[in-house]
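Novice: Okay, here's the structure, questions in a sec.
Computed from the coordinates by the stated procedures, all read-outs in this text should not be read as laboratory data. Keep in mind the model is a prediction, meaning the values are calculated, not measured. Ideal geometry is used to build each Cβ from the backbone, glycine not excepted, and the neighbour counts take in all protein chains shown.
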Amino acid sequence: MKPGLARRDFLRTVAAAVVALPLASLTACGDPPPPPLDSEYAEILAAYFGADALADARAIGARYLEALGSDDAAEVALGPTRALLDAQPDAAGAVAVLQAAVTVEFAGDRIYDLDGWILSPTELALCALVTRAWT
Amino acid sequence: MLIDARTLADGAEITADVCIVGAGAAGITLALELRNSGLAVALLAGGLEKPGDAYQNLYRGRMTGIDTWDLHRMRVRAFGGTTHHWGGWCRPLSPEDFERRAWMPGSGWPVTYAEMVPYYRRAQETVQIGGFSYDPVAVADALGMPILGFDPDVVETRFYQYSPPTRFGTVYRQAIASAPDVRAYLDAHLTEIVLDGPRARVSHLACRTLGGTRFTVTAARHVLALGGLENPRMLLASNRQLPEGVANRSGQVGRWFMEHPHYYSAPAMIVDARNDLRFYRAVHDVDVEARPTRVRAGIALSAAVRAAEKLPNFTCTLDTGDATGATGSVAPGVADGLLARRGSHVVRLSARTEQTPDPDSAVTLGEGVDALGLPRLELHWSVRDEDDRALRRAFEIVAAELGRASLGRLWVPTEDGRFSWDPQPGGHHMGTTRMDTSPDRGVVDADSRCHDVANLYLAGGSVFPTGGDANPTLTIVALAHRLADHLKTGGAR
């Protein structure tokens, strides 16, 4: 079996990179613990990212939203992922379909360049949902 | 026999069946192969056994375009040539490197990979590496290490074999010195290729020592094996009889200069810590076909993907050092230690890439003359904008496959849709006297013989029509073996 990328490791590393210029303060060592999520997706997001990786996901999401540029563009970008989550009966099912969606996107060359990091739109949308859950 | 040309009488006339000008990897391989063949061989080395400043200064020139190492430092003018500072990286060109690729101008060797294989086998012995087998699975298995779980139809694992490296001037000195039919002249510099009346054959070679002793070499056949910069320089500089120089009716001499742009420690790859990267992150001792060698693995796009996407060839090695110390350029302001604590491998990739041939990337004669009275060389190295865009696309595909296989993610330095990192040279000088079946498009034919001059051959990287991404020395030596066979069978006396 091929080992999978640990999502938390990935998120933390990417977060360190992509948010460094505008958002370095969010990822510096010794960040205060993140505030509790206030979102109907909180359970899913925590299950997918891991509770201690949410701050990194939030930082990446903020940079993604900034790159998208407008609320309309963000809605278009986040919509499919939100719809995917809405269709799942529970968090476990949501995690499974999210993982599948990310794999399918990479396999189909549906990628997004966030400051040089080549990422899947779904994983970025997830990060953006985390960001929005905090704001 | 080794002869110091400074001991020759001024005006000496040397005769031989074959005269090889240049005593680097190609020239010495040719001389070794022609021993005991019934041919009298003269081998001219434009220096002494050890490098020296007076000889290196002959290589001084001017660089325009991409500025790289000093021209007089990237090459060594001594017996053994640039193998004096060769790094030893060996890998054959890929089969498709020899094929015509519609999107690659000038592609399509008049020699196939299959035709080259027997010569690659011999070259592997000459450069003292393992057998001619480049199956990464077999080598990884022999080492007890896994290869990464890419889909091999997308991203393949490759490996290099490391020559010790073979210092040709040292390793093969005794073999040359003791060969009764090879006379190797030190401090013997070609100054002019003199053609016969109809300008269709070499009449003789005008030569001298650095100190000024002049002599000539008259041979049935002549081989220039001076390297990818000096071969065109000598053809262009021999312009007393023909203003365009020797073997240059096509106007191709000096054009199409290619390097292998090297991008050191450029993309950053995050790989889950549970993946075993040992095969990729170190040099390993292993036997290949029962011969000991040292190998280093890398990753590349498959031939099918490159063909579908119209991409040049390239190979990425994973830097052996930990990337945390170099994350500043990836993530300015983030503490270096941040990544190291997080469990994943963070690895920089160093890419060695093929550049598409560009006629404006060229060697020409510059201003001023060297101590022999020859015009200085001017090198204009350029890389086409399309290559940077193609490399960016290539890394996107690697990144997508990393993600699809749940192996990791990739950061790619990009600007305006182009891969953006300073190219460094490999010291690989290719393409300046390209091989082509057509005398309009090439300087030499498939036998490495000049289209315009029947008894003049060229050896070395200058004859490569395209360069692939593999370090060229193994292919240069393989082509020298091939040319030796041709000369032994008496072609074009």
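Novice: Rounded, prolate or oblate: which fits the range B:163-288, taking a ≥ b ≥ c as square roots of the Cα gyration tensor eigenvalues, rounded meaning a/c under 1.5, else prolate when a/b beats b/c?
Specialist: Oblate, because a/c is 1.5 or more while a/b does not exceed b/c.
Novice: Under 5 Å between amide hydrogens, which residues at least 5 positions from B:Ile3 or on another chain qualify, with H placed 1.01 Å from N in the peptide plane?
Specialist: Amide H neighbours of B:Ile3: B:Ala184, B:Tyr185, B:Leu186.
Novice: Put a dot 7 Å past each Cα toward the Cβ at B:Tyr264 and B:Asn36; how far apart are the dots in nm?
Specialist: 4.3
Novice: Please tell me the relative contact order of the range A:42-133 in percent, rounded to the nearest whole number, where contacts are Cα pairs under 8 Å and at least six residues apart.
Specialist: 46
Novice: Can I ask one more? Can you tell me how the range A:42-133 classifies by the Cα gyration tensor, rounded, prolate or oblate, using a/c under 1.5 as the rounded cut? Present the calculation step by step, with values, prior to reporting the outcome.
Specialist: Working: a/c = 1.44, a/b = 1.22, b/c = 1.19.
Taking the square roots of the gyration eigenvalues as a ≥ b ≥ c, the range A:42-133 is rounded.
Novice: What's the center-to-center distance, using Cα atoms, between the range B:125-141 and the range B:426-480 in Å?
Specialist: Rounded to whole Å, the Cα centres lie 25 Å apart.
Novice: Kindly identify the range B:74-158 as rounded, prolate or oblate by the Cα gyration tensor criterion: order the square roots of the eigenvalues as a ≥ b ≥ c, call it rounded if a/c is under 1.5, otherwise compare a/b with b/c, prolate if a/b is larger, else oblate.
Specialist: Verdict is oblate for the range B:74-158.
Novice: Let me ask another. For B:Ala12 paired with A:Ala73, estimate the spin-label separation in nm (one decimal), with each label point 7 Å from Cα along the Cα-to-Cβ line.
Specialist: Using points 7 Å along Cα→Cβ, the separation is 7.5 nm.
Novice: On full extension of the chain, what length is gained from B:Val369 through B:Ala200, given 0.36 nm per residue of separation minus the C-alpha to C-alpha distance?
Specialist: On the way: separation 169, 0.36 × 169 = 60.84 nm, distance 2.76 nm.
Extra length from B:Val369 to B:Ala200 when fully extended: 58.1 nm.
Novice: Compute the signed sum of charges (Lys and Arg +1, Asp and Glu -1) over the other residues within less than 14 Å, Cβ to Cβ, of B:Arg199.
Specialist: Taking every other residue near B:Arg199 into account, the sum is -1.
Novice: When the chain is fully extended, how far beyond the present Cα-Cα distance does B:Glu309 get from B:Glu415, taking 0.36 nm per residue of separation?
Specialist: On the way: separation 106, 0.36 × 106 = 38.16 nm, distance 2.03 nm.
Length gained between B:Glu309 and B:Glu415: 36.1 nm.
Novice: Which distance in Å, rounded to a whole number, links the C-alpha centroids of the range B:236-290 and the range B:1-52?
Specialist: One Cα centre to the other: 28 Å.
Novice: Would you kindly derive the ³J(HN,Hα) couplings of the range B:9-14 from the backbone phi angles with the Karplus curve 6.51 cos²θ - 1.76 cosθ + 1.60 (θ = phi - 60°), listing them in order in whole Hz, with x for Gly and Pro?
Specialist: Computed from phi, the couplings for the range B:9-14 are 6, 4, x, 4, 10, 9 Hz.
Novice: I want the local charge near B:Asp358. Using Cβ-Cβ distances under 14 Å, sum +1 for each Lys or Arg and -1 for each Asp or Glu among the other residues. Could you put the intermediate results ahead of the total?
Specialist: Values: positive: B:Arg255, B:Arg384, B:Arg434; negative: B:Glu259, B:Glu354, B:Asp360, B:Asp385, B:Glu386, B:Asp387, B:Asp388.
Around B:Asp358, the surrounding residues sum to -4.
Novice: Work out the charge dipole of the protein assembly as shown with +1 on the Cβ of Lys and Arg and -1 on the Cβ of Asp and Glu about the Cα centre, then indicate which of B:Pro261, B:Trp103, B:Gly27 is farthest towards its positive end.
Specialist: The residue sitting farthest along the positive end of the dipole is B:Gly27.
Novice: Still on this structure: Using Cα centres only, tell me the gap between the range A:97-135 and the range B:367-423 in whole Å.
Specialist: After rounding, the separation between the Cα centres reads 28 Å.
Novice: Would you please name the trypsin sites (Lys or Arg not before Pro) within the range A:54-135 that are DSSP coil residues with at most 16 other C-beta atoms within 10 Å of their C-beta?
Specialist: A:Arg110
Novice: Using modelled amide H (1.01 Å from N, peptide plane; none on Pro or chain starts), what sits under 5 Å from the amide H of B:Leu39, excluding residues fewer than 5 places away?
Specialist: none
Novice: A further question on this structure: With n ≥ 4 as the cut-off for DSSP H runs, can you work out [θ] at 222 nm for the protein assembly as shown, using -39500 (n - 2.57) per run divided by the number of residues, rounded to the nearest 500?
Specialist: -9000 deg cm²/dmol
Novice: Indicate, rounded to the nearest 5 percent, the antiparallel portion of the DSSP beta bridges found entirely in the protein assembly as shown.
Specialist: Expressed as a percentage, antiparallel bridges in the protein assembly as shown total about 65.
Novice: Note down the net charge around B:Arg214, summing +1 for each Lys or Arg and -1 for each Asp or Glu among other residues with Cβ under 14 Å from its Cβ.
Specialist: -2
Novice: Chymotrypsin sites (Phe, Trp or Tyr not before Pro), restricted to the range B:1-74: which are DSSP loop and have at most 15 other Cβ atoms within 10 Å? Don't skip to the answer; put the middle values down first.
Specialist: Values: sites: B:Tyr55, B:Tyr59, B:Trp69; in loops: B:Trp69.
Qualifying residues, ordered by number: B:Trp69.
Novice: Within the range B:261-305, what residues put their amide N at less than 14 Å from the label point 7 Å along the Cα-to-Cβ vector of B:Ala142?
Specialist: Residues B:284-297 qualify, since their backbone N sits under 14 Å from the label point.
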